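The values are calculated or read from the model by the stated rules, or taken from the named source; none is laboratory data. Computed from a predicted structure; not experimentally measured. Methodologically, a virtual Cβ is constructed for each residue, glycine included, from the backbone with ideal geometry; neighbour enumeration extends over all protein chains shown.
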Amino acid sequence: MPKKEYVNIRIPKSIYEKIEEEVRASQGEFKSVEDYVEFVLNEILKEEPEETVYTPEEEEEIKRRLRSLGYL
Amino acid sequence: MIILALDALDVRMVEKYGCRSLMQVEYGQTDLSEFELERTVVLWASFLTGRNMEAEIPVETQWEFTLKPEETFLKFFETYKALDVPAFSLKQENHKRERVLLKKYFDDEVSVEEYDETVWRNHEENKREFFEALGRFDLVMGYFDLADAIGHLSFGIPAKMEAVYRELEGIAKEVKSSVDDVILVISDHGMKPVGRYGDHTKNGFYSFNRRVGLNLPKITEFFNIIRRLVQVERSG
């Protein structure tokens, strides 16, 4: 398994201290602030994007259908 | 008897998310082939009356269309609560608000989140009233438009639709644990993705908490099925 590469990111100290409290409260689930941050960011990144993924033609078609069904 | 009337509950989505409480003992797809368009009011009116109402309900005035109790299977019950049922007791203000926001969304005047918030608020109102009515009437029919209203703008977003189906599954589960009665879960039509949006399809859904032995029933057939179930209940 290839070794992970790391980069440095600056975050406000106040957030760092809050995460330290969370790590302590996790009773071993998170081993460090880095561990916690990596977990949270992974969770956010794996969420499905909610960006619009339609074409103008699809939008026009859906509006036409909504009109015919009586919604618009 | 309890009827959970779930707008746009799609048979394939129920299976996809493994919604066991919605599936109950017997479930399947309804046959909507006789309808030209899957219009919500037309389909619920046809379910209530046992006949195809498509020609009798103009699209322009469909939301105001209201049946009399004696035209529907409600007449088979001494007491009933029909909560927000299209073509009978639709909460006009709530649904008009949703339609206005839908139009405003396409006019770029509101966000999808603002629209969703109103839909969920209306849903919570119906949910509260529905559970308050359980056990107090011979028939409680509760209508929920969550899957339809959220689906129209977000059917192509799996996370949102999973949350909708989990919510409806939760309602079915709570009903099952609250009453010892016949439970019918039924939708007017199904839905398919169009980009991020959703559109009506003929993949309607029904389920019973007992074996009834149906095979691709027409939505109009439930009128007589309900009549028979009431007769069996009275004779038993």
By residue number, the members of the range B:36-63 that are surrounded by fewer than 20 Cβ atoms within 10 Å (Cβ to Cβ) and away from every other protein chain (no Cβ under 11 Å) are B:49, B:51, B:52, B:54, B:55, B:56
Scanning the range B:189-203 for residues that are at pLDDT below 95 and within 7 Å of another protein chain (Cβ to nearest Cβ) gives B:194, B:195, B:196, B:197, B:199
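Residue by residue, here is whether (1) without any contact (Cβ under 8 Å) to a residue 40 or more places away in the chain; (2) within 12 Å of chain A (Cβ to nearest Cβ) holds:
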| position | (1), (2) |
| --- | --- |
| B:103 | yes, yes |
| B:108 | yes, yes |
| B:137 | no, no |
| B:147 | no, no |
| B:161 | no, yes |
| B:179 | no, no |
| B:183 | no, no |
| B:187 | no, no |
- Query: With respect to residue B:75, is the statement that it is more than 14 Å from every other protein chain (Cβ to nearest Cβ), in a helix (DSSP H, G or I), surrounded by fewer than 22 Cβ atoms within 10 Å (Cβ to Cβ) and without any contact (Cβ under 8 Å) to a residue 40 or more places away in the chain true?
  - Reply: yes
>> Against the condition in contact with a strand residue (DSSP E or B) (Cβ under 7 Å, 6 or more places away or on another chain) and under 21 Å from residue B:64 (Cα atoms), how does residue B:101 come out, does it pass?
In response: no
The residue that is modelled with the highest pLDDT, considering only those in the range A:48-72 that are in contact with a strand residue (DSSP E or B) (Cβ under 7 Å, 6 or more places away or on another chain) and not hydrophobic (A, V, I, L, M, F, W, C), is A:65
Selection over the range B:192-236 where residues are of a type in the set (Ser, Thr, Tyr), surrounded by fewer than 18 Cβ atoms within 10 Å (Cβ to Cβ) and under 21 Å from the mean Cα position of the chain (by Cα) yields a count of 1
message = For the range A:25-46, check the following and say yes or no: at least one residue is modelled with pLDDT under 85, of a type in the set (Lys, Arg), more than 29 Å from residue B:160 (Cβ to Cβ) and loosely packed, with under 14 Cβ neighbours inside 10 Å.
response = no
Of those in the range B:161-186 that are under 16 Å from the mean Cα position of the chain (by Cα) and β-branched (Val, Ile, Thr), the residue farthest from residue B:48 (Cα to Cα) is B:164
Pairing a residue in the range A:56-72 that is at the interface with chain B (Cβ under 7 Å from one of its Cβ atoms) with any residue that is in a loop (DSSP other than H, G, I, E, B) and of a type in the set (D, E, K, R), where Cβ atoms lie under 7 Å and the two sit 6 or more apart in sequence or on different chains, gives A:69/B:39; A:70/B:39
Taking the range B:41-65 and keeping residues free of Cβ contacts under 8 Å to residues at least 24 places away in the same chain, more than 23 Å from residue B:206 (Cα to Cα) and either out of contact with any Gly (no Cβ under 7 Å at 6 or more places or on another chain) or not in a helix (DSSP H, G or I) (or both) leaves B:55, B:56, B:58, B:60, B:61
Filtering the range B:111-165 for residues that are part of a helix (DSSP H, G or I), small (Gly, Ala, Ser), more than 21 Å from residue B:176 (Cβ to Cβ) and touching a Gly at 6+ places or on another chain (Cβ under 9 Å) leaves a count of 2
In the range B:117-135, anything closer than 21 Å to residue B:86 by Cβ, in contact (Cβ under 8 Å) with a residue 40 or more places away in the chain and of a type outside the set (A, V, I, L, M, F, W, C) is listed as B:123, B:126, B:127, B:129
Checked against (1) at pLDDT 95 or above; (2) touching a strand residue (DSSP E or B) at 6+ places or on another chain (Cβ under 6 Å); (3) surrounded by fewer than 23 Cβ atoms within 10 Å (Cβ to Cβ), residue B:156 satisfies every condition except (1)
Considering the range B:204-226, residues that are in a loop (DSSP other than H, G, I, E, B) and either under 16 Å from residue B:188 (Cβ atoms) or not charged (D, E, K, R) (or both), and then whichever is nearest to the other protein chains (Cβ to nearest Cβ), we arrive at B:204
| Residue check for residue B:85: under 20 Å from residue B:145 (Cα atoms) and within 13 Å of another protein chain (Cβ to nearest Cβ) | no
